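Taking it in order: structure first as C-alpha cells, then the write-up.
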Amino acid sequence: MSRDLPVPRPAGHERRAHHWRRDVVELAALFTAVAVADAVANLIGHGPSGPALLLVSAVVLLATAGFHTWWAHRSRGHDHPAGPGRTAPHALADRVPSAVPGPQGPGATELWRLRTTVRDAPGSLAALCAALAEHEVDILGLQTHPLAEGTVDELLVRAPAGLPAGEVTRAVARAGGTGTRIERADPHDLVDASTRALGLATRTALDPAELPLALRQLLGRCTVRSHPAPRTGAHHPDASAEGVLPGDTVLRLRAPDGGHLTVERPHLPFTPTEFARARALVELDTRLGPRVPRQQDRVALARGGEVTVRRASPADLAEAKALHERCSSQTLRMRYHGSVKDADPYLRRLLAPGFGRTLAARTASGRIVALGHLLWDGDETEVALLVEDAWQRRGIGSELLGRLVTTAEEAGCASVYAVTQASNTAMVAVMRGLGLPLDYQLDEGVLVITARLDGVAAGSPSPSAAGVADRGAAPPAP
C-alpha cells in the first residue's frame, strides 16, 4: 500500500488578499480618463489647434496608463505570495492540531468522526487532506484499513462550528472518497486506537461480562448478540465458522462458552482489520477462562437482618435451581410468563457472563434467596428479578434493581426495560422507586416498563421503594 503525506499547494493556488484601496484608485483613474477624453473632444471640435491638442492628449493618456501599471504592481507586492520554502496559508502542513478540542482563534470548533474509502494509490491521502484543509478542518487522528481494492480511512477531525456535515462529505467526494459516513464525536474519542484497545482488553480480562460492551466500544455503533452452543447431537455445520459474513455488515465469532457471537452494523461494512481486532479480544476472554469478580457487599434489610450481594456465575447453577424449588408457582409464573418447568434450563444461559450480569443475594449461611439479571439484548438492555417468597417485601428486589441500573448507566446504556404482567403491581412500584422517567406499554396483559437513563443519575432506589413486594420481572427474549 502506498500512502503519502499531504504536500503544500503551489503558490499560484492560494487566495490573494483583496485590497479596497486598489479598487478606488482604478475607479478614480477611469473617471479621470473619461473626463479628459470629453474635454479634449470639445477642444478639438471648437479650437483651431486640433492636431496639437490631440498629440498632447495622447501623451497624457500614455502617462496615466504607465502610472496605473506601476501602482498595480506596487499593490500586489504587499500581498506576500508564497515563495520557495513557504507553504500556502491553508496547507495542512502549517496546521498542527492541538491535543485537545476547543475554540480555534475567535471561532468554536466541533469534533467529527469521518470514514471514507479512497484509492490505494500515491496522492490519494494528500488529496483528501487538502480537500479538508480547504474548509479549515484539522485531522486529529487517522486509522487505515487496507482492502483488496482501496483503503478505508477513519479520521477524527475538528471542524469550525457551524460547518455543515454535508459540506465536509462533498469535499471528501471531490477528493475521490466513496462510501463516506460522518458522525459526531466527543473528547473521549481523542484516545488513540492502541490505548483504547489495551483499555478494553483490561476490562475484559477483569470481567468476562464486559466482552459485549468492549466489542461495541471497539467497533462503534453495532448490535452484539450471543447465541448458545448447539445441543448435544444437533448438527450445525457452520457452528464453528468465523469471519465477515456475505454483505460485510455481520461478524461471526466463536464465543468462549462454545456458542458464537454475531456483531451487526447494517450501514457500515466491517473491514478485515476490525474483524482481527474483535477476534483478538474474544480469544483473550477464551484463554483466561471462566472468572467472576468475587467482590461482595453486605446490605441491611428494611425489616431487619441482612444479605450479601455479589456476582453470580455458572458455578452457582445448583443453588439457583434450589431457589426455583423453594419459590411458589405464582412467583415463577410472574417471573417467566410461561411453563414453570422451562425455568431451570433457562438458568444456565442467565448465569453465563456473555449474556449480561447476574447479582445474587445470599443469606449468612450462603443460600441464594434472590437473583437479579441485567441482560444485553442487542441495542437494548433488560432487567429481571426473582425473589424467594419468604424474603419478599424486604427491599431485596429494590436493592438488586438499583445496582443493575447503575451498571447499565456506567456501560453507556440509554435505557433499561422490564417485561412483566399487568397485574404485577409490585414490579411497577419497584421500577417507580428508581426515580427515573418511565414509559409504559401494555399489550394483551403484558406490560413493558422502560426506564430512561439519559441525563439522570441512576443510583440506589428511593427509601419509599423499600418494603415493596418483589415478585420479579420477565425473562429475556429467547
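Here are the numbers for this structure:
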quantity: Only listed residue being of a type outside the set (Phe, Trp, Tyr) and over 22 Å from the mean Cα position of the chain (by Cα), chosen from Arg174, Arg184, Arg196; calculated: Arg174
quantity: Restricting segment 310-368 to residues that are of a type in the set (Val, Ile, Thr) and either in a helix (DSSP H, G or I) or within 33 Å of the chain's Cα centre (by Cα) (or both), the residue that is modelled with the lowest pLDDT; calculated: Val340
quantity: Scan of segment 430-455 for residues that are open to solvent by 70 Å² or more (accessible area, probe 1.4 Å) and in contact (Cβ under 8 Å) with a residue 40 or more places away in the chain, ordered by number; calculated: Asp454
quantity: The listed residue being out of contact with any helix residue (DSSP H, G or I) (no Cβ under 6 Å at 6 or more places or on another chain), outside any loop (DSSP other than H, G, I, E, B) and closer than 21 Å to Glu382 by Cα, out of Arg216, Arg298; calculated: Arg216
quantity: Selection count where residues are open to solvent by 60 Å² or more (accessible area, probe 1.4 Å) and without any contact (Cβ under 8 Å) to a residue 60 or more places away in the chain, scope segment 174-191; calculated: 3
quantity: Those residues of segment 209-220 which are of a type in the set (A, V, I, L, M) and modelled with pLDDT of 80 or more, in sequence order; calculated: Leu211, Leu213, Ala214, Leu215, Leu218, Leu219
quantity: Qualifying residue in segment 66-85 (condition: surrounded by fewer than 19 Cβ atoms within 10 Å (Cβ to Cβ), modelled with pLDDT of 60 or more, under 19 Å from Leu163 (Cα atoms) and not hydroxyl-bearing (Ser, Thr, Tyr)); calculated: no
quantity: Given (1) crowded, with 17+ Cβ neighbours inside 10 Å; (2) modelled with pLDDT of 85 or more; (3) not in a strand (DSSP E or B), number of the condition Leu198 does not satisfy; calculated: (1)
quantity: Segment 150-168 - residue that is assigned to a helix (DSSP H, G or I) and touching a residue at least 24 places away in the same chain (Cβ under 8 Å) and, of those, surrounded by the most Cβ atoms within 10 Å (Cβ to Cβ); calculated: Val168
quantity: Count of segment 221-273 residues which are of a type in the set (Asp, Glu), assigned to a loop (DSSP other than H, G, I, E, B), modelled with pLDDT of 80 or more and within 21 Å of Trp376 (Cβ to Cβ); calculated: 1
quantity: Where Val263 falls short, out of the listed (1) in contact with a helix residue (DSSP H, G or I) (Cβ under 9 Å, 6 or more places away or on another chain); (2) of a type outside the set (Gly, Ala, Ser); (3) on the phi > 0 side of the Ramachandran plot; calculated: (3)
quantity: Looking only at segment 109-124, and only at residues there that are assigned to a strand (DSSP E or B) and in contact with a Pro (Cβ under 8 Å, 6 or more places away or on another chain), the one that is farthest from Ala161 (Cα to Cα); calculated: Leu111
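The values are calculated or read from the model by the stated rules, or taken from the named source; none is laboratory data. From a predicted model like this one, the values you see are computed outputs, not experimental measurements. Glycine gets a Cβ as well: all are built from the backbone with ideal geometry, and neighbour counts include every protein chain shown. For accessibility, only protein heavy atoms count, side chains too; no ligands or nucleic acids. Shrake-Rupley method; radii C 1.70, N 1.55, O 1.52, S 1.80 Å.
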